[in-house]
1. Confirm whether Gly105 is touching a residue at least 24 places away in the same chain (Cβ under 8 Å), assigned to a helix (DSSP H, G or I), more than 27 Å from Tyr74 (Cβ to Cβ) and out of contact with any Gly (no Cβ under 8 Å at 6 or more places or on another chain).
2. Restricting attention to region 208-230, does a residue exist that is of a type outside the set (Val, Ile, Thr), more than 30 Å from Pro382 (Cα to Cα), assigned to a helix (DSSP H, G or I) and at pLDDT 80 or above?
3. Looking only at region 190-213, how many residues end up being surrounded by 14 or more Cβ atoms within 10 Å (Cβ to Cβ) and more than 24 Å from the chain's Cα centre (by Cα)?
4. Report whether or not Pro288 is in a helix (DSSP H, G or I), touching a residue at least 60 places away in the same chain (Cβ under 8 Å) and within 20 Å of the chain's Cα centre (by Cα).
5. Look through Thr124, Thr50 and report the one residue that is in a helix (DSSP H, G or I), modelled with pLDDT of 80 or more, in contact with an Asp or Glu (Cβ under 9 Å, 6 or more places away or on another chain) and assigned by TED's automatic domain parsing to the domain that holds Phe287.
6. Conditions: (1) surrounded by 20 or more Cβ atoms within 10 Å (Cβ to Cβ); (2) within 17 Å of Tyr245 (Cβ to Cβ); (3) not aliphatic (A, V, I, L, M). Phe388 meets all but one. Number of the miss?
7. So, Thr38, is that one within 24 Å of Ile112 (Cβ to Cβ), at pLDDT 80 or above and assigned to a loop (DSSP other than H, G, I, E, B) or not?
8. Pick from region 165-189 the residues that are surrounded by 20 or more Cβ atoms within 10 Å (Cβ to Cβ) and free of Cβ contacts under 8 Å to residues at least 60 places away in the same chain: which of them is farthest from Leu23 (Cα to Cα)?
Amino acid sequence: MSTGRIVARATVLILALSLLSRLLGLGREMAIAYGFGTTGTADAFFVAYTIPYVFYGVVGVALTTVIVPVFADYAAAGRREEAWRVLSLVINVSFAVMAVLALLGAAGSPFIARTLGAGFPPETMELAADLTAVMMPAIIFMTIAGIFAGILNANQVFGPPALGPATMNVMIIAGALVGAGWWGVYGLAAGAVAGATAFALVQLPALRYVGFRYSLSFDLRHPEVRRVVALMLPVILASGIMQLYTLIDWRLASGLAEGSIAALNYANKLMNLPQGLFVTAVTTAIFPTLSRLIAEERRADMAAALQRAVKVVLLLGIPGAVGLILLREPIVTLLFERGAFDARATGMTASALLFYAVGLAGLCLNLPLTRGFFAMKDTRTPLLIAGFTVVVKLALSLMLVRVLQHAGLALATSLTVLLNMFILSLLLRRRLPELFDRAFFRFVAGTAAAAAVMGVGVFMLDAFLAARLAAGSLALMVRVGLDIAAGALLFGAAGLVLRLDELGYILHTLFGLFHRRAGTVLK
């Protein structure tokens, strides 16, 4: 099977499962918003959940990223059995280290709460500390889930790792709707821990399928453990620096109006919905291919594959940003304004979403561009770039929070991710001169033009519908649904007129899949 077909099939599978996960993730945020809104209790929960979230985003993702090229080397040399022994050792060492860190984190939860929520009143500070201690075991299972995902991805198995977050979201929703009814916000925290555990366990059957053989060994001096650690450290540092964005925001927002952290969280999750749904699918599917092409010294093919991924991502990032900016208030109202989430919460969340959306294209592109460096086993360059941009993020946050309050923190994040994207692109093009050619920049200009056409049409249609539809959830659902459908049609039509090659490729692929499925059903 051709490389393009493998990547396309993997992308479709991951996209389908990611859609399920993201819809459940949206349901998770809706359930939390319904029960806790933008209150001090919600602020305390999100601060406490930051540690498990950051650990998965840093350590779990780093392990996933590093394991793929390491396993590719073993597989190319025909040493799969040795790979299983090394990966078992990585699992055992990671479990032991994370267990120790979980105990230390639970003991030091008051310090963590004071660090992240310095501006909290005493009762919110105490609640944040208690919730941090409760949720600390989640870091163990999120880290192990990251290792499992790396093993499966390296074997071209993408379904269970993509299904894991969906399972986790189901458990958190249960904690918000059921557990919270019994134990308040502590029930929600328990749901988060149960979700992290389910994230790891749901991947076990697939590990057996790919032939993984677990062995109980523990040797910190093993040369391959040192190699994995050496590869991981720059990735962890780079990812950790990026996670500092959240820590900076939470620290500064804790001294603002009550609910500022919750509003930033809800807006950030909405902004990450398209990025996490589509960009993660494309990047996860293509990363093993990029690693293999580099291992085979086919750099021109690697550049072509990465450029195609970047184009596909831009087809989502640019129009997605325009859509979120124009429809931010009706979307937030439709999804969240019920229960404890009132009109004030809607206004706070919509203003943050406006400024987050400015940087959506940059956020979407940072992931595949970074994986381009990782595929070449260069983890140092993204680390240095991330270290520089986090300083920029802090400076911008300190300036903009004074003018725009919590929305200023969102704008600082957007400006920083755009800067990060620009530097990554510039340095990656030096390594791969074929990556960004004239045709690519014509594609970017065409995508921006198609998004502008879409934006004008959506703006006019939304104003028309808002003036004529009655109040109520059903009418608002119709309004937002028609806006999104019209926007997609306008962007697609404009893109075809402008001959955006990747858009045509995607549509051709989807029509081909539809006809094959239809033919199978008719037979």
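The values are calculated or read from the model by the stated rules, or taken from the named source; none is laboratory data. Please read all numbers here as calculations on a predicted model, not as lab measurements. Counting neighbours? That spans all protein chains shown, and the Cβs are built from the backbone with ideal geometry, glycine included.
1. Numbers: touching a residue at least 24 places away in the same chain (Cβ under 8 Å): yes; assigned to a helix (DSSP H, G or I): yes; more than 27 Å from Tyr74 (Cβ to Cβ): yes; out of contact with any Gly (no Cβ under 8 Å at 6 or more places or on another chain): yes.
Spelling it out, Gly105 is indeed touching a residue at least 24 places away in the same chain (Cβ under 8 Å), assigned to a helix (DSSP H, G or I), more than 27 Å from Tyr74 (Cβ to Cβ) and out of contact with any Gly (no Cβ under 8 Å at 6 or more places or on another chain).
2. yes
3. If we filter region 190-213 for residues that are surrounded by 14 or more Cβ atoms within 10 Å (Cβ to Cβ), which is where we start, we get 190-203, 206-207, 210, 212.
So of that shortlist, the ones also more than 24 Å from the chain's Cα centre (by Cα) come out as 210, 212.
Result for region 190-213: 2.
4. In short, yes.
5. Thr124
6. Here Phe388 clears every test but (1).
7. Judged against the criteria, Thr38 is a match.
8. Within region 165-189, the first condition is being surrounded by 20 or more Cβ atoms within 10 Å (Cβ to Cβ), and the residues that meet it are 165-169, 171-173, 175-176, 179-180, 185, 188-189.
Add one more test, that the residue is free of Cβ contacts under 8 Å to residues at least 60 places away in the same chain, and what stays is 167-168, 171, 175, 179.
On the way: Thr167: 12, Met168: 12, Met171: 14, Gly175: 17, Gly179: 21 Å.
Of everything passing the filter in region 165-189, Gly179 is farthest from Leu23 (Cα to Cα).
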